[in-house]
Amino acid sequence: FRHDLGWKRQAVEECAKQVVGLLDTMAASAQSRVFCLDWEADSGAGLSTALRTIAFYAAERGYPTLLARPLGQAPDFEVLRTFLLQMEKGLTTRGLQHLPALVLLDAAESDHDPRNLIKDLPRRLRSESRRVLLIRGTHDRRAFSTPPELMANYKPVRLSRALTGDELTSLVDDWARPVYGRLFPEGLESKLEIIQGWREGDGSRVPLLVA
C-alpha cells in the first residue's frame, strides 16, 4: 500500500476520493461533527484490502487515521476514546485541531459485540463531541441502525466478488503489462489467452502477484 503497488480497483479509488472530500468538508467546518459511512461487500470481495487502501489514501493526505479489525474479542470503547483524546492533544499542539479523524472498522466478520459497540458507535462518538468520520465495513448494513443525521452524504458501491468486464481488464493489465509492455494486446480475450499460456511455459515471464 505504501508504495502504491496494489491493483487500483475503480470502485475503491472512487470511494477513497469521496472519503477525502468528506474529510476536507469536515475540516473546513468550525463545528465538531460525527458522520458514518457503512460499506457493504460480499464475503471475499476484498473489503479488508479496500479499507486499507482508503486508510493509506487519507493518511497520506494528512488526516489522522485508525484502522481496526476487532476479531475474537469484544471491542472496547475506552481504548478508542483514549486514542482520540491523545490524538486531539497532539493535533492541538501543532495547531491542527480542525482536522477530523478517520476511523475505519473492518467489522464484516466481527460477530462478538455483546455491548453493541460497533452498532452504537456513531451515537457514542457524537455524545463525546468528537470530530470523526467513521467507516464500518460489513456484509449487511442492516445490522447497523444509524440515525439519518449521522449518515455521510455518500453511499459507496457494494463490492462484489464478481468483477465487471472493465475491472477484469484493469486487473489483467495491472498484472501483466509491466512484463509485456507494448507487446501486451488490448483485447480482453487476447489477454486471457496469454495468461492461460503461462501454465504451459517455464514461468519466467509470469509477473509476481501478491494477493
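Numbers at a glance
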{"read-out": "So Glu88, is it out of contact with any helix residue (DSSP H, G or I) (no Cβ under 7 Å at 6 or more places or on another chain) and under 18 Å from Arg130 (Cβ atoms)", "value": "yes"}
{"read-out": "Tabulated pairs, segment 116-138, first without any contact (Cβ under 8 Å) to a residue 40 or more places away in the chain, second open to solvent by 20 Å² or more (accessible area, probe 1.4 Å), C-beta under 6 angstrom, 6+ apart or interchain", "value": "Lys119/Phe144"}
{"read-out": "Test: Arg2 is modelled with pLDDT of 90 or more, more than 16 Å from Pro100 (Cβ to Cβ) and of a type in the set (Lys, Arg)", "value": "no"}
{"read-out": "Selection count where residues are modelled with pLDDT of 80 or more and over 20 Å from the mean Cα position of the chain (by Cα), scope segment 126-146", "value": "5"}
{"read-out": "Segment 115-150 - residue that is open to solvent by 60 Å² or more (accessible area, probe 1.4 Å) and not in a helix (DSSP H, G or I) and, of those, farthest from Val103 (Cα to Cα)", "value": "Arg115"}
{"read-out": "Condition met for Thr82 (at pLDDT 90 or above, more than 24 Å from Ala28 (Cβ to Cβ), open to solvent by 20 Å² or more (accessible area, probe 1.4 Å) and more than 17 Å from the chain's Cα centre (by Cα))", "value": "yes"}
{"read-out": "Hits in segment 53-67 - residues which are over 21 Å from Ser127 (Cα atoms) and either in contact (Cβ under 8 Å) with a residue 24 or more places away in the chain or of a type outside the set (D, E, K, R) (or both)", "value": "Thr53, Ile54, Ala55, Phe56, Tyr57, Ala58, Ala59, Arg61, Gly62, Tyr63, Leu67"}
{"read-out": "Long-range neighbours under 7 Å by Cβ, at least six apart or interchain, first residue in contact (Cβ under 8 Å) with a residue 24 or more places away in the chain and more than 13 Å from Arg141 (Cβ to Cβ) within segment 40-52, second small (Gly, Ala, Ser) and open to solvent by less than 30 Å² (accessible area, probe 1.4 Å)", "value": "Leu51/Gly137"}
{"read-out": "Positions within segment 72-89 being assigned to a loop (DSSP other than H, G, I, E, B) and of a type in the set (S, T, N, Q), in sequence order", "value": "Gln73"}
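For every residue, the table says whether it meets (1) modelled with pLDDT under 95; (2) in contact with a strand residue (DSSP E or B) (Cβ under 6 Å, 6 or more places away or on another chain); (3) assigned to a helix (DSSP H, G or I); (4) crowded, with 20+ Cβ neighbours inside 10 Å.
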residue: Glu14; (1), (2), (3), (4): yes, no, yes, no
residue: Ala30; (1), (2), (3), (4): yes, no, no, no
residue: Cys36; (1), (2), (3), (4): yes, yes, no, yes
residue: Trp39; (1), (2), (3), (4): yes, yes, no, yes
residue: Ala50; (1), (2), (3), (4): yes, no, yes, yes
residue: Thr53; (1), (2), (3), (4): yes, no, yes, yes
residue: Leu66; (1), (2), (3), (4): yes, yes, no, no
residue: Pro70; (1), (2), (3), (4): yes, no, no, no
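The values are calculated or read from the model by the stated rules, or taken from the named source; none is laboratory data. It should be emphasised that the depicted structure is a prediction, and the values quoted were computed from it without experimental measurement. Here the Cβ is made from the backbone with ideal geometry for all residues, glycine too, and neighbour counts use every protein chain on show. Side chains included, ligands, DNA and RNA excluded: accessible areas come from the protein's heavy atoms. Shrake-Rupley method; radii C 1.70, N 1.55, O 1.52, S 1.80 Å.
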